Amino acid sequence: MEKWFNVGKIVNTHGIKGEVRVISRTDFPEERYKVGSILYLFVSGDTEGKPVTVASHRTHKTFDLLTFDGFVTLSQVEPLKGALLKVKESQLGELEEGEYYFHEIIGCTVQTIEGEEVGLVKEILTPGANDVWVVGGKAGKDYYIPYIESVVKKVDVNEKVIVIEPMEGLLS
């Protein structure tokens, strides 16, 4: 069964020439939205996406504005409001060493270098200089693990295990 990954949501139309306003959910908008890229439209309730080809892309304020081949009027894109734009797992590109997709990290078991289990990564925050992994620990306590070299010592996405060397106070 094909895995799908959300790259954006159509929140409105823009102008009268078939442009849509997208809130992007990808770290790679230049790649995902480049002319000729194939995205899949999921309108409310769809289990299979409808392939669309990006005809144009530009940014405006905090939005990405897209047009699709065959959608040239306002009336053609009006029904797309609220639709999700997704890509197939096979469309995900290779990342540099030490870089990971969120879906690879979420669900990993975190343990200390001494082998003590901390919990499972349940969310990733991106507040600024580095990502922060939210780890659900024992008794419902959350731990916030910064993704920095001095703390994260090993990531094995195949085994779904992350080894950390906690700095003082990190796990208290």
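Note on segment 148-166: residues that are assigned to a strand (DSSP E or B) and closer than 20 Å to Leu95 by Cα amount to 7. The number of residues in segment 57-74 that are in a strand (DSSP E or B) and β-branched (Val, Ile, Thr) comes to 2.
Of the residues that sit in segment 107-129 and are free of Cβ contacts under 8 Å to residues at least 24 places away in the same chain and of a type in the set (A, V, I, L, M, F, W, C), which one is nearest to Asn158 (Cα to Cα)?
If we filter segment 107-129 for residues that are free of Cβ contacts under 8 Å to residues at least 24 places away in the same chain, which is where we start, we get 114-117, 120, 122-129.
Those still in the list that are of a type in the set (A, V, I, L, M, F, W, C) too: 120, 124-125, 129.
Working: Leu120: 15, Ile124: 19, Leu125: 22, Ala129: 26 Å.
Applying the filter and picking the extreme gives Leu120.
Please find, among Gly82, Gly128, Gly169, the residue that is in the same structural domain as Glu19 (by TED's automatic domain parsing) and either part of a loop (DSSP other than H, G, I, E, B) or among the hydroxyl-bearing types (Ser, Thr, Tyr) (or both).
Working: Gly128 fails: in the same structural domain as Glu19 (by TED's automatic domain parsing); Gly169 fails: in the same structural domain as Glu19 (by TED's automatic domain parsing).
None of the others qualify; the one that does is Gly82.
Residues in segment 1-16 that are modelled with pLDDT of 95 or more and among the basic types (Lys, Arg): how many? Residues that pass the stated criteria total 1. Here Ile145 passes the criteria (1) surrounded by 13 or more Cβ atoms within 10 Å (Cβ to Cβ); (2) in a loop (DSSP other than H, G, I, E, B) except the one numbered (2).
The values are calculated or read from the model by the stated rules, or taken from the named source; none is laboratory data. Keep in mind that what you see is a predicted model, and the values were worked out from it rather than measured. No Cβ is skipped: glycine too gets one built from the backbone with ideal geometry, and neighbour counts run over all protein chains shown.
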